[in-house]
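**Student:** Before anything else, here's the structure in question.
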Amino acid sequence: MTEYRITVSKESLSFAAGHFITYGGGACETLHGHNYRVGVCLVGDLDEHALVYDFVVLKGHMNVLLEELDHRMLLPTRNRELQLVRSGEELEVHHAGRRYVFPVSDTVSLPVTNTTAERLAEYLCDRLATQLRDSGARNITRIEMEVEESYGQSALCIRDLSTGPDLAG
C-alpha cells in the first residue's frame, strides 16, 4: 500500500493567545499566554492532479482558523468547573471563588473541556476537517494536527477519517 502525506509547519502558522487550565478540586493555573505554533499533516490518496491537497489552499484554511484565535483569551465552554456569564460587552468567568472579566471582543469561547494543547489540537483538527469537506476534498484519510505551546512542548491530535465520520459528510 502506498501512502501520501503533505505537511505544513511554517512560522506563519502561529497565534498568540491567553488561557488557563483547571485541574479539578478548585485547582487552576494563573492566567498566562503562549505564542502557539501549529503544524498540520494530511494523509490520503492523490487526486486527479497528483496532489493530496494543494499547499496554498491548506495554508489559507489554517490561516483563517488561526486568525480567529490570535490575540484572544481562549475560554472553554464545556468545562464543568467554570461558569461563563455574558453581560453586555463583558464576559465574566467564575471559578472556585475567582472572578475574571474580559471584553467579549477579546475572547474566543471554544467548545472544549479545557484549553490544553491537546484540546486546541483537537478543535483545530475538527474545524479543518469541516473546511476540507466543504471544499470538496474526498481523498483525505487522516489529519494530524500539532499545537506547540512552547519550544519542544506540543500536543498532537490524529483524526482517522477513513473509519468514522468522513469528509463525504
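**Student:** Which of the peptides 127-138, 4-15 is most tightly packed, and how do the rest follow, going by the mean number of other Cβ atoms within 10 Å of each residue?
**Tutor:** Descending packing order for the listed peptides: 127-138, 4-15.
**Student:** OK, next. From the phi of every residue in the stretch 78-85, what ³J(HN,Hα) in whole Hz does the Karplus formula 6.51 cos²θ - 1.76 cosθ + 1.60 yield, where θ is phi - 60° and glycine or proline is x?
**Tutor:** 3J(HN,Hα) across the stretch 78-85, in whole Hz: 10, 8, 5, 8, 10, 10, 9, 10.
**Student:** Just to confirm, what accessible area per residue do you get for the stretch 4-110 at 1.4 Å probe, in whole Å²? Walk me through the numbers before you get to the answer.
**Tutor:** Details: 5860 Å² over 107 residues.
Normalised by residue count, the accessible surface of the stretch 4-110 is 55 Å².
**Student:** Accessible area of the stretch 97-169 with a 1.4 Å probe: how many percent of it is carbon plus sulfur?
**Tutor:** After summing per-atom areas, the C and S share lands at 45 percent.
**Student:** Separate question: Which order, highest average first, do 80-88, 24-32 follow once you tally other Cβ atoms within 10 Å for each residue and take the mean per peptide?
**Tutor:** So the peptides 80-88, 24-32, ranked by packing, come out 80-88, 24-32.
**Student:** Quick one: compute a quarter of the convex hull surface over the Cα atoms of the chain and quote it in nm². If you can, show how the numbers build up before the last one.
**Tutor:** Working: hull surface 44.9 nm².
In nm², the orientation-averaged hull projection of the chain is 11.2.
**Student:** If you count, for each residue, the other Cβ atoms within 10 Å and average over each peptide, how do 118-126, 148-156 line up from highest to lowest? Walk me through the numbers on the way to the answer.
**Tutor:** Numbers: 118-126: 20.9, 148-156: 13.4.
With the highest mean Cβ count within 10 Å placed first, the list reads 118-126, 148-156.
**Student:** Something else: Kirkwood hydrodynamic radius, the stretch 21-107, all distinct C-alpha pairs: what's the number in Å?
**Tutor:** 16.2
**Student:** Oh, and also: Can you give the translational diffusion coefficient of the stretch 71-121 in µm²/s, computed by Stokes-Einstein from the Kirkwood radius over Cα pairs at 10 °C and 1.306 mPa s? Before the final figure, lay out each step's value.
**Tutor:** On the way: Rh = 11.2 Å.
Stokes-Einstein gives a translational diffusion coefficient of 141 µm²/s.
**Student:** To continue, here is another question. Wrap a convex hull around the Cα atoms of the stretch 1-44, take a quarter of its surface area, and give that in square nanometres.
**Tutor:** If you wrap the Cα atoms of the stretch 1-44 in a convex hull and average its projections, you get 5.3 nm².
**Student:** Quick check: the distance between the Cα centres of the stretch 1-77 and the stretch 119-157, to the nearest angstrom?
**Tutor:** The stretch 1-77 and the stretch 119-157 have Cα centres spaced 6 Å from each other.
**Student:** What list of ³J(HN,Hα) couplings, whole Hz, do you get for the stretch 34-48 from phi and the Karplus terms 6.51, -1.76, 1.60, once you set θ to phi - 60° and write x for glycine and proline?
**Tutor:** 9, 9, 6, 10, 10, x, 9, 10, 10, 10, x, 7, 6, 8, 5
The values are calculated or read from the model by the stated rules, or taken from the named source; none is laboratory data. Since the model is a prediction, treat every value here as computed from it, not as a measurement. Quick reminder, even Gly has a Cβ in these numbers, built from the backbone with ideal geometry, and neighbours come from all protein chains shown. For the accessible areas, the whole protein counts, side chains as well, though only heavy atoms, and no ligand, DNA or RNA atoms are used. Shrake-Rupley method; radii C 1.70, N 1.55, O 1.52, S 1.80 Å.
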